Amino acid sequence: MLHAIAFYVLSFFILGFAVLVISTRNTVHSVLYLVLNFLAIAALYVLLTAQFLAVIQVLVYAGGIVVLYLFVVMLVNLKRPPEDHSAPQRHAWIGFALAGVVLAELGGILVMGRVAPQPGPNMEMSDLALHNVERIGMLLYTDYLIPFELASMLLLVAMVGAIILAKREL
């Protein structure tokens, strides 16, 4: 019962902060509400006994991504008047079509999640929390080693490219 109450309270905070992110006029306040949203999501992960995801949520999103957003907000001139024309190459119907595809995929995931049986033995919550990080590490370095290495190489190439582009402008 206590877990259900905590879940609903955290869900209320997550939705509230998300509404504040998109409705606040001051962009710095919007980014700060985004930090609070990420921290509430991390608390929800802790409640769901996914401590590794909670730590990654705080380190990567609440730490790194939000700092990047703040740098962009501080560097971009937001007092500039809006442009008078719209881009002729912009097609709104492509965006609506892609949104429909994403919505169809989410619907398919929900349907397949209800239809497909859940594999694996039933485990106690304490046992699941105890071996959570160990399982992720074993899967990451055995079954998913190639995608992990490809993602790290992609991030390395993106980082080197960003450094080269920034160096050209200096």
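The values are calculated or read from the model by the stated rules, or taken from the named source; none is laboratory data. Bear in mind the structure is a predicted one, so any value in this text is a computation, not a measurement. Note that we place each Cβ from the backbone using ideal geometry, even for glycine, and neighbour counts take in every protein chain shown.
Summary of values
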| item | result |
| --- | --- |
| Residues that are under 19 Å from residue 5 (Cα atoms) and not in a helix (DSSP H, G or I), drawn from segment 21-68 | 48, 49, 50 |
| In segment 8-26, the residues that are touching a residue at least 24 places away in the same chain (Cβ under 8 Å) and in contact with a helix residue (DSSP H, G or I) (Cβ under 6 Å, 6 or more places away or on another chain) | 10, 13, 14 |
| Check on residue 59, at pLDDT 85 or above and within 29 Å of residue 31 (Cα to Cα) | yes |
| Residue 52 in contact (Cβ under 8 Å) with a residue 60 or more places away in the chain, closer than 30 Å to residue 134 by Cβ and over 14 Å from the mean Cα position of the chain (by Cα) | yes |
| Matching residues, segment 1-35, being crowded, with 17+ Cβ neighbours inside 10 Å and among the aliphatic types (A, V, I, L, M) | 10, 14, 21, 31, 32, 34, 35 |
| Residue match in segment 39-48 (condition: more than 26 Å from residue 135 (Cβ to Cβ) and modelled with pLDDT under 90) | no |
